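The values are calculated or read from the model by the stated rules, or taken from the named source; none is laboratory data. The shown structure was predicted, so the numbers you read here are calculated from the model rather than taken from an experiment. Cβ atoms come from the backbone with ideal geometry, glycine included; neighbour counts cover every protein chain shown.
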Amino acid sequence: MKRDIDAVPDLLGAARGLTPPLYELARVLRFHGIDEAGLFHLPPSELEVLRYVLHEPGVRLTVLARELGLHASNVSATVRTLVARDLIHREPDPADRRSVRLMPTLGAVHGMARIEEAWVEIFAQALDDLTPQQHSALSAAVPSLRALADALRIRRTDR
């Protein structure tokens, strides 16, 4: 049973406490890593589309737009740019020849691996500034953060 969030001050307080640091972490991931990996600059929208296609190879454009909460025309323009950069390619959908599936290129796979490794290094350097107790608390929070991300994704797609 879902609770009325306004009636649960603890949930609102927890959300107020979590939102700023989670946003900052997301911002670091969006704006760092590409230069550190020695790759050409990808705007955040291109990085988001590329990450989704890497995670869900074969996704259709309409599904990609819905999942990212973007207009199909914006996603289409972003995909064209990624195709021109040889990071994504289109292939006919075997189930519907009128439709295409988006696939990452080998360059995209290798490039994203380099970006993610740069993110690991950025976070490792920051973790080095924390106490062992903070390390433990963050490690223990990983399953809960994944569950929170899943709950947010489900809520967005259920609309």
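Residues in the stretch 137-159 that are more than 25 Å from E56 (Cα to Cα) and surrounded by 11 or more Cβ atoms within 10 Å (Cβ to Cβ): A137, L138, A141.
For (1) among the β-branched types (V, I, T); (2) within 17 Å of E56 (Cα to Cα), each residue gets a yes or a no:
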residue	(1), (2)
D86	no, no
T105	yes, yes
G111	no, yes
Q125	no, no
T131	yes, no
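Each residue in the stretch 47-84 was checked for being over 11 Å from the mean Cα position of the chain (by Cα) and either of a type outside the set (D, E, K, R) or closer than 19 Å to G107 by Cβ (or both), and 25 of them qualify. Consider the stretch 94-109 and keep the residues that are surrounded by 11 or more Cβ atoms within 10 Å (Cβ to Cβ) and farther than 17 Å from H55 by Cβ. The one that is modelled with the highest pLDDT is V100.
Screening the stretch 1-36 for residues that are at pLDDT below 70 and outside any helix (DSSP H, G or I) and picking the one that is surrounded by the fewest Cβ atoms within 10 Å (Cβ to Cβ) gives M1.
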